[in-house]
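Engineer: For reference, the structure I am asking about is given below.
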Amino acid sequence: MKNKLMSIIVIFTICLFKIPFIVKIDAKSIRSNSSDPFVIGAIVDMSSRVGKEARVAMEIAIDDFRAKTNQNLTLYTTNSKGNIVQAIHEATYLIETHKVEAILGLHTLKEVVSVAEVCSEAQVPTFSLFDSVPQWALDQWAPFLFQASPSQFSQTKAFVAILESYGWSRFTFIYEDTNSASTQIIPHLMEAIKESSTVEISSIVKLSPLSSSFSLPKELERISKEQCRVFLLHSSLETGVRLFQNAKNMGMMEKGYVWITTSLITDLLHTLNSSTFSTMEGVLGIGSFFSQFDEFTTKFQKKFKLEQPEEEENNIPGVFAVQAYDATLIVASLQFVDQKPIASHIFPIINVIGKYYRELGFWSEGLGFSEFINEKTTYDTCLKSLGYIFWPGKPLHTPIGWAIPTNANPLRVGVPTMAMFKKFVEVKYDHKNHNLTYKGYSIELFKETIKLLPYYLPYEFHPFNGTYDSLVEQVYLKKFDVIVGDVSVVSRRYKYAEFTHPYTETGLVMIVPVTSYHGQWLFVKPFTLSMWALTILINIYNAFVIWLIEHKNTPEIGGSALNRTGILLSLAFTRMFFTNGDEVHSNLTRMTTVAWLLAAIIIGQCYTASLTSMLTVKRLIPKVADFETLKNGNAVVGYGQGAHVASYLVDVLGFKNRNIRAFTSPEGYARALKNREISAVFLEAPFTKLFLAKYCKSFITAGPTFGDGGFAFVLPKGSPMVADFTKALLNVSESGTLQEIERRMIGSEKCVEMDSDHDEYESLGLGSFWSLLVLTNVKKYFVNPRKRISRKVSDVESPKNLNLEMT
């Protein structure tokens with residue numbers, strides 16, 4: 001008999017939602033040899049409600065199978081009493097005495113492992129109703145161990161979908177560490193979170209199955225002090241009931257809390273009494289899906305009432321009864337198709353209300369939420385589509401998922417005490433009132449932002465004396481809830497906290513001393529190139545007109561073409577400086593000269609005024625143009641102590657550690673730059689404004705602006721307040737309040753003139769005119785040789801002329 005059975009086993013699985021009521025029996029799949037009885041053994045714990053339901057469901061399945069197939073089928077049910085040794089004994093008894101060809105049941109992992117060892121040696125297949133059989137167990141006892149109930153791990157995706165429906169970004173996971181199977185849900189939960197990208201775990205709480213009345217409240221008290229108010233509970237029904245009783249006594253079933261249970265608890269809610277439901281009011285549950293049909297329910301209630309009269313108050317079949325029914329029909333039909341169980345992809349969503357619970361609808365993987373499961377069902381990605389949900393404490397609105405600080409427990413705001421620019425943030429001790437005062441741009445902005453939050457948020461400032469990296473870590477360590485100050489957005493800090501939108505300019509700027517500068521071509525700067533060209537052309541044109549008028553009456557301006565060109569150019573630039581009217585013979589020439597002279601005077605005066613202005617106002621330029629010059633010259637540069645700039649200078653810009661120097665005040669920067677102890681200082685863009693507003697005549701920015709994230713408020717990772725703060729900050733900026741605070745801060749800075757190396761009235765040196773002098777001497781170089789040649793020619797011709805005269 002056994003050999004017959006083993007010859008047709010391939011690999012087993014069952015997927016409940018794909019099987020219409022609940023398994024449709026196909027006569028073609030039944031063994032052809034019906035004369036031999038097929039014997040099935042069942043091991044259940046008759047001391048538990050699950051075992052009682054499973055036994056009744058199996059018996060109903062056998063009766064239905066016989067009625068529809070006329071097959072000879074026998075079922076022997078034994079009681080393990082929840083004891084491993086007893087389970088092994090019953091398995092041995094069924095195999096040796098009744099010669100069973102398959103064993104069904106086993107609702108705990110310990111029973112599965114123990115019985116699988118016995119059945120594997122006897123080569124009798126075992127079908128477990130435990131829905132989380134580890135894969136290592138299936139592999140170890142293959143092909144004789146099968147999981148007969150669908151895997152429920154996909155319910156983690158349903159849970160994440162619920163969180164996304166309400167915008168809850170964080171939750172606390174509470175699980176009971178009963179065995180290795182109880183922890184198998186964790187990697188599936190992590191995978192679902194990874195797919196979401198908007199949800200993350202705030203903390204994980206592990207409960208011992210033997211959690212005492214002291215340890216359980218202690219764990220609840222610890223998580224109640226955290227901000228997160230969304231909890232996922234994955235535990236046995238017994239532990240879950242005790243936890244909810246303690247939670248209710250501690251006020252954790254009031255407004256603002258969200259409790260969601262997995263199928264371990266949800267599937268057994270129907271077994272609880274009304275008094276227990278009162279402690280779970282408002283709980284949301286994810287259960288296992290099965291198709292309940294009136295025919296099966298009627299049969300079950302009638303038979304269960306007869307066989308279990310002590311359970312008269314509640315005889316509704318649970319999910320374990322349906323699973324046992326399905327598994328029995330499958331074993332009887334010998335439809336073993338796969339050893340690895342197909343996961344269930346439909347999960348009912350229930351809500352505990354009053355003394356019982358109601359089914360809100362269903363979640364289907366890849367589809368979403370729906371009120372029903374049929375061909376005409378419409379789906380929605382949001383749980384809100386299923387209607388109103390009754391939350392703990394009966395709130396009028398959906399909980400926000402985290403604890404809003406109260407006057408009794410205000411928001412802890414960390415403030416840096418070592419801020420370099422006190423205009424941004426300053427912590428001082430008030431001797432009169434004997435307390436600390438907090439002032440500055442960041443503090444004022446934080447107060448304005450708090451006013452625009454959609455909820456009241458009390459807070460308290462707390463000083464922190466340490467580096468800015470350490471300050472950010474305090475949020476991760478839960479010492480502070482928010483950090484306010486001149487804290488830069490840096491990528492490496494994101495592993496400890498999150499930042500709001502920057503409220504200042506971004507960038508890192510290099511500041512260097514200034515020096516006066518007058519270029520060697522300064523004399524041509526008063527006029528544009530087009531003005532110079534027009535002036536020259538007008539002069540040449542006027543000279544040509546005069547030459548044209550006078551050349552007939554003045555033989556001296558005639559001669560060769562080269563001589564005429566030279567005379568023309570000479571007239572263009574010298575005629576306006578000679579006023580002797582006897583040199584010209586025509587009134588037209590005199591009229592032209594007057595008009596020309598008038599234009600020259602006006603143009604000349606404008607040129608003089610413009611050049612004078614340029615020489616009077618100093619032109620300041622940076623002494624160093626770029627950071628590469630400093631780096632290559634091993635120059636020492638400065639930065640703010642405790643800031644992230646030091647690592648940027650070394651790791652990104654390539655400065656050596658020995659060439660960077662920390663400062664604690666802007667005055668220290670200024671003195672070091674003046675005394676040439678450092679060649680430049682690197683400041684964040686917001687600090688640059690303040691520094692240059694104070695030292696407006698001594699220093700200047702140079703080079704490019706380097707990447708930097710600007711200043712922002714710091715909050716815990718995943719905090720829902722990040723979005724609220726960012727929105728409030730944008731509202732502050734758009735209203736003009738941010739700009740007004742900045743104007744007050746910078747406007748209060750008075751420019752301080754430091755002693756500098758350059759004179760207020762610096763004399764013009766050779767550098768300002770060397771180009772003009774070069775042009776003059778180049779002209780002489782070409783002119784003088786020609787004059788020397790002319791003299792030599794004259795010397796040669798002179799004796800000849802003299803001889804002619806004597807003759």
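Residues are listed down the side, and each one gets a yes or a no for (1) modelled with pLDDT of 90 or more; (2) more than 30 Å from R671 (Cβ to Cβ); (3) aliphatic (A, V, I, L, M):
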position: A408; (1), (2), (3): no, yes, yes
position: K432; (1), (2), (3): no, yes, no
position: Y441; (1), (2), (3): yes, no, no
position: T449; (1), (2), (3): yes, yes, no
position: P458; (1), (2), (3): yes, yes, no
position: E473; (1), (2), (3): yes, yes, no
position: A497; (1), (2), (3): yes, yes, yes
position: P502; (1), (2), (3): yes, yes, no
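Engineer: Moving to a separate point now. Is it true that some residue in region 616-627 is modelled with pLDDT under 80, more than 21 Å from G707 (Cα to Cα) and part of a helix (DSSP H, G or I)?
Structural biologist: There is at least one residue in region 616-627 that is modelled with pLDDT under 80, more than 21 Å from G707 (Cα to Cα) and part of a helix (DSSP H, G or I).
Engineer: Pick out the one residue from S665, S733 that is small (G, A, S), at pLDDT 90 or above and open to solvent by 10 Å² or more (accessible area, probe 1.4 Å). Steps first, please.
Structural biologist: Working: S665 fails: at pLDDT 90 or above.
Result of the check over S665, S733: S733.
Engineer: Evaluate the following for A137: is it under 30 Å from I316 (Cβ atoms) and open to solvent by less than 10 Å² (accessible area, probe 1.4 Å)? Write out each step before concluding.
Structural biologist: Values: under 30 Å from I316 (Cβ atoms): no; open to solvent by less than 10 Å² (accessible area, probe 1.4 Å): yes.
Taking the combined requirement at face value, the residue does not satisfy it.
Engineer: Related question: In the list F682, F711, which residue meets the criterion of being touching an Asp or Glu at 6+ places or on another chain (Cβ under 9 Å), modelled with pLDDT of 90 or more, under 30 Å from Y494 (Cβ atoms) and of a type outside the set (D, E)? Spell out how you get there, then give the answer.
Structural biologist: Values: F682 fails: touching an Asp or Glu at 6+ places or on another chain (Cβ under 9 Å).
The conditions single out F711.
Engineer: Select, from I22, I8, I14, the only residue that is at pLDDT below 65, open to solvent by 10 Å² or more (accessible area, probe 1.4 Å) and among the aliphatic types (A, V, I, L, M). First the steps, then the outcome.
Structural biologist: Working: I22 fails: open to solvent by 10 Å² or more (accessible area, probe 1.4 Å); I14 fails: open to solvent by 10 Å² or more (accessible area, probe 1.4 Å).
It is I8.
Engineer: Quick check on T535: is it modelled with pLDDT under 75 and in a helix (DSSP H, G or I)? Can you show your working first?
Structural biologist: Numbers: modelled with pLDDT under 75: no; in a helix (DSSP H, G or I): yes.
No.
Engineer: Counting only residues that are at pLDDT below 90, small (G, A, S) and assigned to a helix (DSSP H, G or I), how many does region 234-253 have?
Structural biologist: Of the residues in region 234-253, 0 are at pLDDT below 90, small (G, A, S) and assigned to a helix (DSSP H, G or I).
Engineer: Still on this structure, I have one more. In region 192-216, how many residues are within 30 Å of S48 (Cα to Cα) and open to solvent by less than 30 Å² (accessible area, probe 1.4 Å)?
Structural biologist: Here the count works out to 4.
Engineer: Could you pull out the residue among E365, E359 that is modelled with pLDDT of 90 or more, within 24 Å of A161 (Cβ to Cβ) and open to solvent by 20 Å² or more (accessible area, probe 1.4 Å)? Full working, then the answer.
Structural biologist: On the way: E365 fails: modelled with pLDDT of 90 or more.
After applying the criteria, what remains is E359.
Engineer: Another question about this same structure. Inside region 454-479, can you point out the residues that are more than 20 Å from the chain's Cα centre (by Cα), assigned to a loop (DSSP other than H, G, I, E, B) and within 23 Å of Y494 (Cβ to Cβ)?
Structural biologist: The answer is G466, T467, K479.
Engineer: Determine the pairs where a residue that is among the basic types (K, R), located within region 282-301, has a partner that is modelled with pLDDT of 80 or more with Cβ atoms under 8 Å apart, the partner being 6 or more residues away or on another chain.
Structural biologist: What qualifies is K299/I60.
Engineer: Please enumerate the residues belonging to region 695-750 that are of a type in the set (S, T, N, Q) and in contact with a Gly (Cβ under 8 Å, 6 or more places away or on another chain).
Structural biologist: Of everything in region 695-750, just one residue is of a type in the set (S, T, N, Q) and in contact with a Gly (Cβ under 8 Å, 6 or more places away or on another chain), namely T705.
Engineer: For a quick check of your reading: which strands (runs of 3 or more DSSP E) sit entirely within region 49-160 and have at least 2 residues that are more than 45 Å from the chain's Cα centre (by Cα) and under 15 Å from L329 (Cβ atoms)?
Structural biologist: Answer list for region 49-160: 73-79, 102-105.
Engineer: Taking region 670-720, which residues are free of Cβ contacts under 8 Å to residues at least 40 places away in the same chain and either open to solvent by less than 10 Å² (accessible area, probe 1.4 Å) or assigned to a loop (DSSP other than H, G, I, E, B) (or both)?
Structural biologist: The answer is A672, N675, R676.
Engineer: Quick one: F277 ticks every box in (1) out of contact with any Asp or Glu (no Cβ under 9 Å at 6 or more places or on another chain); (2) in a loop (DSSP other than H, G, I, E, B); (3) modelled with pLDDT of 85 or more bar one, so which box is it?
Structural biologist: Just one mismatch for F277, condition (2).
Engineer: Then there is this: So which residues in region 369-414 are crowded, with 16+ Cβ neighbours inside 10 Å, more than 26 Å from the chain's Cα centre (by Cα) and in a strand (DSSP E or B)?
Structural biologist: If the condition is that a residue be crowded, with 16+ Cβ neighbours inside 10 Å, more than 26 Å from the chain's Cα centre (by Cα) and in a strand (DSSP E or B), then F369, S370 are the ones that fit.
Engineer: Being at pLDDT below 75, under 60 Å from the mean Cα position of the chain (by Cα), over 30 Å from Y669 (Cβ atoms) and polar (S, T, N, Q) is true for just one of S560, S570, S613. Which residue is that? Explain how you work it out, then say what you get.
Structural biologist: Details: S560 fails: under 60 Å from the mean Cα position of the chain (by Cα); S570 fails: under 60 Å from the mean Cα position of the chain (by Cα).
After ruling out the rest, the residue left standing is S613.
Engineer: Further question: Exactly one condition in (1) more than 27 Å from L360 (Cα to Cα); (2) in contact with a strand residue (DSSP E or B) (Cβ under 6 Å, 6 or more places away or on another chain) is not met by A137; state its number.
Structural biologist: All conditions are met except number (2).
Engineer: Continuing with the same structure: Can you name the residue in region 631-662 that is assigned to a helix (DSSP H, G or I) and without any contact (Cβ under 8 Å) to a residue 24 or more places away in the chain and, of all such residues, is least open to solvent (accessible area, probe 1.4 Å)? Quick ask: steps written out before the conclusion?
Structural biologist: Going residue by residue through region 631-662, those that are assigned to a helix (DSSP H, G or I) are 631-632, 645-651, 657-659.
Going one step further and asking which of them are without any contact (Cβ under 8 Å) to a residue 24 or more places away in the chain, we end up with 632, 646-647, 650-651, 657-658.
Details: N632: 119, A646: 22, S647: 39, V650: 37, D651: 118, N657: 112, R658: 170 Å².
Residue satisfying both the conditions and the ranking: A646.
Engineer: So I342 ticks every box in (1) among the aliphatic types (A, V, I, L, M); (2) open to solvent by less than 60 Å² (accessible area, probe 1.4 Å); (3) at pLDDT below 80 but one. Which box is left unticked?
Structural biologist: (2)
Engineer: Moving on to the next point. For region 86-101: of the residues being more than 20 Å from K52 (Cα to Cα) and in contact (Cβ under 8 Å) with a residue 24 or more places away in the chain, which is most open to solvent (accessible area, probe 1.4 Å)?
Structural biologist: The initial filter retains those residues of region 86-101 that are more than 20 Å from K52 (Cα to Cα), namely 92-93, 95-101.
In the following step, the residues that additionally are in contact (Cβ under 8 Å) with a residue 24 or more places away in the chain were identified as 92, 95, 98-101.
Working: T92: 46, I95: 21, H98: 45, K99: 135, V100: 2, E101: 2 Å².
This residue is K99.
Engineer: Is it the case, given these coordinates, that P454 is in contact with a strand residue (DSSP E or B) (Cβ under 8 Å, 6 or more places away or on another chain) and either open to solvent by 40 Å² or more (accessible area, probe 1.4 Å) or not hydrophobic (A, V, I, L, M, F, W, C) (or both)? Before the answer, list the steps.
Structural biologist: Numbers: in contact with a strand residue (DSSP E or B) (Cβ under 8 Å, 6 or more places away or on another chain): no; either open to solvent by 40 Å² or more (accessible area, probe 1.4 Å) or not hydrophobic (A, V, I, L, M, F, W, C) (or both): yes.
Judged against the criteria, P454 is not a match.
Engineer: Among the residues of region 745-756, is any open to solvent by 70 Å² or more (accessible area, probe 1.4 Å) and at pLDDT 90 or above?
Structural biologist: So in region 745-756, the residues open to solvent by 70 Å² or more (accessible area, probe 1.4 Å) come out as 750, 753, 755.
Now restrict to residues that are at pLDDT 90 or above: none.
Within region 745-756 (the criterion being open to solvent by 70 Å² or more (accessible area, probe 1.4 Å) and at pLDDT 90 or above), the answer is no, since none of the residues qualifies.
Engineer: Restricted to region 25-67, and to residues that are touching a His at 6+ places or on another chain (Cβ under 9 Å) and among the β-branched types (V, I, T), which residue is modelled with the lowest pLDDT?
Structural biologist: Checked region 25-67; the qualifying residue modelled with the lowest pLDDT is V50.
Engineer: For region 234-245, indicate whether the set of residues that are surrounded by fewer than 15 Cβ atoms within 10 Å (Cβ to Cβ) and not aliphatic (A, V, I, L, M) is non-empty. Walk me through it before giving the result.
Structural biologist: First, the residues of region 234-245 that are surrounded by fewer than 15 Cβ atoms within 10 Å (Cβ to Cβ): 238.
Keeping just the survivors that are not aliphatic (A, V, I, L, M) gives 238.
Yes: region 234-245 contains one or more residues that are surrounded by fewer than 15 Cβ atoms within 10 Å (Cβ to Cβ) and not aliphatic (A, V, I, L, M).
Engineer: Tell me which residues, restricted to region 165-201, are closer than 19 Å to L216 by Cβ and either at pLDDT 85 or above or charged (D, E, K, R) (or both).
Structural biologist: T172, F173, I174, Y175, E176, D177
The values are calculated or read from the model by the stated rules, or taken from the named source; none is laboratory data. Values in this document were obtained by computation on a predicted structure and should not be read as measured data. Every residue, glycine among them, receives a Cβ derived from its backbone with ideal geometry; neighbour counts consider all protein chains shown. For accessibility, only protein heavy atoms count, side chains too; no ligands or nucleic acids. Shrake-Rupley method; radii C 1.70, N 1.55, O 1.52, S 1.80 Å.
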